[in-house]
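Have a look at the structure below before the remarks.
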Amino acid sequence: MTDQDVPNTQEPIAGTVSDEVVIDITSLNKWFGDFHVLKDINLTVYRGERIVICGPSGSGKSTMIRCINRLEKHQRGKVEVDGIELTDNIKKMDQVRREVGMVFQHFNLFPHLTVLENCTLAPIWVRRMPRAEAEETAMRYLDRVKIPEQASKYPGQLSGGQQQRVAIARSLCMEPRVMLFDEPTSALDPEMIKEVLEVMVDLAESGMTMLVVSHEMGFARQVANRIIFMDDGQIVEQAPPTEFFQNPKSDRTKLFLSQILHSET
Amino acid sequence: MERPLHIVHEKARTLPPPAMSVGLVRWLKDNLFSSASNIFLTFVVIYLLWLIIPPFLEWAVFDAVWNATSRAECWDTADGACWAVVVTRFDQFVYGDYPKSERWRANLAFILLFVALAPVLFDRIPWRRYLVGFSISYPVVAYILLIGGLGLPEVETARFGGFLLTIVIGITGISASLPLGILLALGRQSDLFIIRVLCVAFIEFIRGVPLITLLFVASTLLNYFMPPGTSFNLLVRVLIMVTLFSAAYLAEVIRGGLQAMPSGQYEAAKSLGLPYWKTMRLVILPQALKISIPGIVNSFIALYKDTTLVIIIGLLDPLGIGKATLSDTTWQGLSTEVYIFVAIFFFLCCFGMSRYSAWLERRLHTGH
């Protein structure tokens, strides 16, 4: 995708970044069978940071953020979320996952539940929130992603853009401290990308810590305070957006940018 | 020459469908008379029905004898079916050897069965919450009513027979094998090696052995494994074997449903912090079971009909009663009537299950 969907005339979001570490990844290595997907990744994320991760397909971006809530297990290195190290301890992992929201490329809504039930499921069964309170919270977030009127419908009756906004609301209902987005707009028609990106911009403005795997460079420019470029399982380059776009250091980044921004002047 | 640009300024109107594409005439034309070969087939089928149905009705209804004391009397009266055999032996077909004075208990248990099933089968009935409590306690209620306790005199299970026996085995087998089948299906997918191996071994063993063999094991061999002196009710042993047998098949049907679940559903549930059992209960099983409904009901129907196999180990199910009736010299030679009657009973039960499952599938459809 190009960045025409979000006009880049908009001012970058200011937002405050604290010096409190939320995610700390040290020399993370992961293999799929013999294939070395992640090679010695080091990354520290501070509260309030908004990081956009880009790179060619197969570069390990998705795998990296999936390691943060342990949808993927790493074999070497250390991942810490909110001071809790990710291990095989299932109870602790569930505890971490409660605090880390995730939005998927294919939405992954629960098709047998209504939109409202999708949003209240985890608060009721994981946070043990009373139903009335959970529904109130859910309606608040559905309102925020601008689809309160769809609450009683089933996901199968919604458009892709609406489904993705429900998925964002569903994650927010757990009131997570970090939100991970795994190519949230890649499965959407062009006209629906904008409505999802607007919700994400709004979320960024509210100070949420966000890690977004995306090729929406307009969004990156407007929202990110750091852009990470990955290739071949490595973090090749990371920089604030202006520097990243105007003055990329490595040749691989330059090549990638020239390919992805070919429509730009 | 330059072509003019075609530009639309107004939205197109939406119109109703043309008149000929709806209605009965249209349906007949589409389904029965759409082509020469279809017209030919329609007439062939009508001719065949005309050949079969009138003579059958004549035999089964118009020329039938309902009241007689023996086959000979039947055949003296008319040429049709001798339903008198079924009428005379009706009580036996229903209760087997269940004592006459206690049959009200079986009737009551049967009526209460529907009260217990209603909240399980239908989610929109009033007071469902309270009725579910009754459903859960129904096995105890049925046990006391049918076998005895709380002041009711004991009835030996050996005296159970007929439709009563079929329903006891069928309903117990169905309601016990579903949860067991679910556990086996989950166990087969477990990350824990031992559990997985045990489940696979169990399923493969049970599926690899005919039900009759298991029933023989139940009636004879099982006693060898028990400590001497323990007598283990034959009906209970049959119930256990039927349940295990059906559970193994159900496990495979449900596994099919589980495998159809996209990994995204597991990931979404995990990412929300739902632990394993809650993920299964709230997210995976409702969807996987829904996909598996046709296969599950298929297994239930098979189980229900397989209950007739208990005849081989000496329990008097409806076929057993039928056989006993036919060996009675007064009614010899009326096997057509007896087996049609038994077939109607089984058909009604199985067709009911099949209709219910079709309804449930429609009810659970959420537009995806």
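The values are calculated or read from the model by the stated rules, or taken from the named source; none is laboratory data. Note that the structure is a prediction, hence the values are computed from the model and not measured. Because the Cβ atoms are built from the backbone with ideal geometry, glycine has one as well, and the counts that use them run over all protein chains shown. Surface accessibility is based on the protein's heavy atoms, side chains included, excluding ligands, DNA and RNA. Shrake-Rupley method; radii C 1.70, N 1.55, O 1.52, S 1.80 Å.
Backbone geometry of region A:85-98 corresponds, through the Karplus equation with coefficients 6.51, -1.76 and 1.60 at θ = phi - 60°, to 3J(HN,Hα) couplings of 7, 7, 9, 7, 5, 4, 4, 5, 5, 4, 5, 5, 5, 4 Hz, x marking Gly and Pro.
Mean per-residue shielding of peptide A:90-102 is 3, counting Cβ atoms of other chains within 10 Å of each Cβ. Between the amide H of B:VAL155 and those of B:GLY148, distances stay under 5 Å, these residues lying 5 or more places away or on another chain, with hydrogens modeled in the peptide plane.
For chain B, modelled as a GNM whose springs connect Cα atoms under 10 angstrom apart, the maximal fluctuation among B:LEU48, B:LEU145, B:LEU315 occurs at B:LEU48.
Using the structure shown, select from A:LYS30/A:LYS92; A:LYS39/A:LYS61; A:LYS61/A:LYS91; B:LYS100/B:LYS305; A:LYS146/A:LYS194 the pairs with a Cα to Cα distance greater than 19 angstrom. Pairs exceeding the cut-off: A:LYS30/A:LYS92; A:LYS61/A:LYS91; B:LYS100/B:LYS305. Among A:ILE41, A:ILE90, A:ILE124, the largest mean-square fluctuation in a Gaussian network model of chain A (Cα springs under 10 Å) belongs to A:ILE90. Remark: mean inter-chain Cβ contacts per residue of B:114-125 equal 0, using a 10 Å Cβ-Cβ cutoff to other protein chain atoms.
3J(HN,Hα) along region A:179-189: 10, 9, 10, 9, 6, x, 10, 5, 9, 9, 5 Hz, from the Karplus curve 6.51 cos²θ - 1.76 cosθ + 1.60 with θ = phi - 60°, whole Hz, x for Gly and Pro.
Comparing Cα centroids, region A:119-137 and region B:53-101 end up 62 angstrom apart.
Amide H contacts for A:TYR46 (H built 1.01 Å from N in the peptide plane; partners 5 or more residues away or on another chain; cut-off under 5 Å): A:VAL22.
The mean count of C-beta atoms from other chains within 10 Å of the C-beta of residues in A:105-113, rounded to a whole number, is 6. Stretched out straight at 0.36 nm per residue, the stretch from B:ALA324 to B:ARG124 would grow longer than its current Cα-Cα span by 67.6 nm. Note on chain B: GNM, Cα springs under 10 Å; of B:SER175, B:SER137, B:SER246, the largest mean-square fluctuation is that of B:SER137. In this structure A:HIS112 has an accessible area near 40 Å², from a 1.4 Å probe over the protein heavy atoms. Loop-located chymotrypsin sites (Phe, Trp or Tyr not before Pro) in region B:50-138 (DSSP state not H, G, I, E or B) with no more than 14 neighbouring Cβ atoms inside 10 Å: B:TRP66, B:PHE122, B:TRP127.
Length gained on full extension, B:LYS100 to B:PHE43, computed as 0.36 nm times the residue gap minus the Cα-Cα distance: 15.2 nm.
Counting other Cβ atoms within 10 Å, keep those with at most 12, restrict to DSSP loop, and tell me which trypsin sites (Lys or Arg not before Pro) in region A:81-154 are left. Loop-located and lightly packed - A:ARG128. A probe of 1.4 angstrom, applied to the heavy atoms of all protein chains, finds B:THR329 with accessible area near 110 square angstrom. From the alpha carbon centroid of region B:274-340 to that of region A:157-186 is 46 Å. Amide H contacts under 5 Å for A:GLU237: A:PHE229, restricted to partners 5 or more places along the chain or on a different chain, H placed in the peptide plane at 1.01 Å from N. For region B:312-319, 3J(HN,Hα) computed residue by residue from phi via the Karplus equation (6.51, -1.76, 1.60; θ = phi - 60°) reads 5, 9, x, 8, 9, 7, x, 5 Hz, glycine and proline entered as x. When DSSP beta bridges are restricted to pairs lying wholly in chain A, around 55% turn out antiparallel.
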